[in-house]
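Worksheet for the structure shown next.
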Amino acid sequence: MSKRDYYEVLGVAKGASADELKKAYRKAAVKYHPDKEGGDEEKFKEVNEAYDVLKDAQKRQRYDQFGHAGVGGSSGGGGGYSGGSNPFEGFNSQSFDFGDGLGDIFSQFFGGGGQRQQAAQRGRDVEVTLQLNFEEAVFGLETEIDLDIDDECPHCHGTTVEPGHDMKTCPTCKGAGQQTRIMNTMFGAIQQSVVCPTCNGRGKIPEKECTVCHGKGTQRKKQSIKLKVPAGIDDGSTIRLSGRGEAITDGEKGDLYVNIRVKADKKFTREGDIILSETHVGMIDATLGAEIDVETVDGVVRMKVPAGTQSGTDFKLSGHGIPHMNSDKRGPHIVNIVVDIPTKLSRKQREILEEFDAGKKR
């Protein structure tokens, strides 16, 4: 679905002042606020998006010149795949699930990078940080992550029993996995069930404990995990690898969460699916027009600068921006022109400019 014009969304003219924009935004935000009776969450989001662009002078200039494509309006966002048959269903946050290893993208993950609450029979989740440079984030890569975590014991395969022996009924709880305790209180005797401390609720114990893990079922290991980072991933995103966290006896493995950090680049900055850069041209080239070489993430691109180009003018190089993670399309690269004015002139150069200025006045 194509987006509505941002000025139309706020109900203002294209030449509206900053005060007029703010006034229109406040009125629309109050009208559509989802907590208000009769509010509209989708329109509220649309109003916020429009104001976020138009209140910023540079974004507004690019929007006026290139439309939604000039402000990253087609990038969408991240991805969220929660295990269904369609990997792009629920596509609404930039976190990814690669299943059991190098599976395909996108599992929704809420709560950011903090410590997560563990289920009763589930191994501990593990978090690591992966730092990428700008071009690695743009094009993606396959890499390996080194971990030192509790994994399944290779000797007993997590059973806690020495191979060649079996489990036997716990003598403390008689196989129930729990014990009943009677507590005397001011309200009388209260019966309480607690996990058996001998078998930890399993109901059985090894005839002979594993001689490697000593009945723990897990062992500390160093391992390398293969990870495929998708093209277009952004700073602050999180990739989840299901079942690649720490192991636990009689339970599922935890998950591995990879927090992505992207180093700032000296030449390029990112805004949604747009790459922004700055290129300097001389006063004569800007006045007469020229073709110049522009650096992009794809290499050097030849770009035409028309005669009379002013400093601060933006030019769009389509298809040289950030890849869209749910398609084969890419955003644009927007080049901001800076016209260099000479600081030192020879006498002859000064005379020529003065003669030009005088002719212009006549």
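Among residues of region 160-188 that are touching a residue at least 60 places away in the same chain (Cβ under 8 Å), those with a Cβ under 7 angstrom from a residue that is open to solvent by 90 Å² or more (accessible area, probe 1.4 Å), sequence gap 6+ or separate chain, pair up as THR160/GLU209; THR160/LYS216.
Can you tell me which residue is surrounded by the fewest Cβ atoms within 10 Å (Cβ to Cβ) among those in region 179-202 that are outside any strand (DSSP E or B) and not hydroxyl-bearing (Ser, Thr, Tyr)? Write out each step before concluding.
Taking region 179-202 as the starting set, the residues that turn out to be outside any strand (DSSP E or B) are 186-187, 196-202.
Filter again for not hydroxyl-bearing (Ser, Thr, Tyr), leaving 186-187, 196-197, 199-202.
Numbers: MET186: 4, PHE187: 6, CYS196: 20, PRO197: 10, CYS199: 22, ASN200: 13, GLY201: 17, ARG202: 18.
So the residue we want is MET186.
Within region 36-49, residues that are over 19 Å from GLU8 (Cβ atoms) and free of Cβ contacts under 8 Å to residues at least 12 places away in the same chain sit with their Cβ atoms under 8 Å from residues that are charged (D, E, K, R) and open to solvent by 100 Å² or more (accessible area, probe 1.4 Å), at 6+ positions apart or across chains, in these pairs: GLY39/LYS31. May I ask you to list the residues in region 14-47 that are surrounded by fewer than 16 Cβ atoms within 10 Å (Cβ to Cβ), closer than 18 Å to ARG60 by Cα and in contact with a Phe, Trp or Tyr (Cβ under 7 Å, 6 or more places away or on another chain)? Answer for region 14-47, where residues must be surrounded by fewer than 16 Cβ atoms within 10 Å (Cβ to Cβ), closer than 18 Å to ARG60 by Cα and in contact with a Phe, Trp or Tyr (Cβ under 7 Å, 6 or more places away or on another chain): just LYS14.
Run GLY319 past the list (1) within 30 Å of ALA231 (Cα to Cα); (2) part of a strand (DSSP E or B) and report the number of the one that doesn't hold. GLY319 satisfies all of (1) within 30 Å of ALA231 (Cα to Cα); (2) part of a strand (DSSP E or B) except (2).
So that you can scan it fast, the table gives a plain yes or no per residue for (1) of a type outside the set (Asp, Glu); (2) open to solvent by less than 50 Å² (accessible area, probe 1.4 Å); (3) touching a strand residue (DSSP E or B) at 6+ places or on another chain (Cβ under 7 Å); (4) in a helix (DSSP H, G or I):
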| position | (1), (2), (3), (4) |
| --- | --- |
| ILE225 | yes, yes, yes, no |
| ARG244 | yes, no, yes, no |
| GLY254 | yes, yes, yes, no |
| LYS266 | yes, no, no, no |
| THR279 | yes, yes, yes, no |
| THR287 | yes, no, no, yes |
| ILE292 | yes, yes, yes, no |
| VAL300 | yes, no, yes, no |
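Report whether or not ARG240 is in contact (Cβ under 8 Å) with a residue 12 or more places away in the chain, touching a Ser or Thr at 6+ places or on another chain (Cβ under 9 Å) and open to solvent by 70 Å² or more (accessible area, probe 1.4 Å). Criteria not met by ARG240.
The values are calculated or read from the model by the stated rules, or taken from the named source; none is laboratory data. This is a predicted model, so every value here is computed, not measured. FYI the Cβ positions are ideal-geometry reconstructions off the backbone, even for glycines, and counts take in every protein chain you see. SASA here: full protein model, heavy atoms, side chains in, ligands and nucleic acids out. Shrake-Rupley method; radii C 1.70, N 1.55, O 1.52, S 1.80 Å.
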